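Enquirer: For reference, the structure I am asking about is given below.
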Amino acid sequence: TVIASSKTSYSYTSSSIQYTSTTADPNVGRFLGWPVGGPSAISRGFLPGIGHYGIDFYPTSGQPSVVAAAAGKVISAGWGGWSGAYAGYGYYVHVDHGNGYTTLYAHMNKLYVSVGQSVAKGTPLGLIGNTGVAYGIHVHFELRKGASLPGRINPAPYMQ
């Protein structure tokens, strides 16, 4: 299967992503793992043209935990509500990885971490779910360079 955005094309299997081109920061490389702690597939890619600024992963079996894609510190977590910076995300976790990079995990049914907590790569953050504006059980995964909307970038070139 191939997913394309305006800047990057990539294909994936359930265990890896292969790239046909990349826009990753050469000083950072591929530091992100998959954000789902169990078998999963991609249901929607990074499609900024339609307002989708992340990658959606859905479980192919069971209901696994959402896990930290890289080590960092939880800078925000909770219910996103219906207005504000995290509107529509349902239960979410936002992790700072340093060097201006953060990841956001959305639509969880339950949170396992709190603000200020340090997490290692692979640390369970919450239970995958369908809260907020969601179309089914999945995790919406974003990578940001800076904290604002224009800072949302395609996570695929940064993933191992």
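Enquirer: Can you tell me the order of 90-99, 64-73 when each peptide is scored by its average per-residue count of other Cβ atoms within 10 angstrom, highest first?
Expert: Values: 90-99: 20.0, 64-73: 21.7.
So the order, starting with the most tightly packed, is 64-73, 90-99.
Enquirer: Still on this model: Accessible area per residue for segment 46-125 in Å², computed with a 1.4 Å probe and the full protein assembly in place, what is it?
Expert: Details: 3360 Å² over 80 residues.
So segment 46-125 comes to 42 Å² accessible per residue, rounded to a whole number.
Enquirer: Could you state the number of Å between the C-alpha centres of segment 90-119 and segment 31-80?
Expert: Their Cα centres are 10 Å away from one another.
Enquirer: Moving on. Quantify, in whole percent, the carbon and sulfur part of the accessible surface of segment 102-160 (1.4 Å probe; protein heavy atoms only).
Expert: On segment 102-160, the fraction of accessible area on carbon and sulfur atoms equals 59 percent.
Enquirer: Pull up all non-local amide H partners of residue 153: gap of 5 or more, or a different chain, and H-to-H distance under 5 Å with H placed in the peptide plane.
Expert: Here the answer is 143, 144, 145, since their amide H atoms fall under 5 Å of that of residue 153.
Enquirer: Using 10 Å bins from zero, what percent of all Cα-Cα pairs in segment 51-160 falls into each bin?
Expert: Here the calculated profile for segment 51-160 is 16, 52, 30, 1.
Enquirer: Note down the nm distance, to one decimal, between modelled labels 7 Å out along Cα→Cβ at residue 52 and at residue 121.
Expert: 2.7 nm
Enquirer: Could I ask something else about it? Roughly what would the spin-label model give for residue 85 and residue 44, points 7 Å off Cα along C-beta, in nm?
Expert: Spacing of the two 7 Å Cα→Cβ label points: 2.3 nm.
Enquirer: Now a separate question. Ignoring any ligand, DNA or RNA, what whole percent of the accessible area of segment 27-99 comes from carbon and sulfur when the probe is 1.4 angstrom?
Expert: So the carbon and sulfur contribution to the accessible surface is 50 percent.
The values are calculated or read from the model by the stated rules, or taken from the named source; none is laboratory data. Small disclaimer: the values here were computed from a predicted structure and weren't measured. Neighbour counts are summed over all protein chains in view; Cβ atoms, including those assigned to glycine, are modelled from backbone coordinates with ideal geometry. Please note that ligands, DNA and RNA were not included when accessible areas were found on the heavy atoms of the full protein model with its side chains. Shrake-Rupley method; radii C 1.70, N 1.55, O 1.52, S 1.80 Å.
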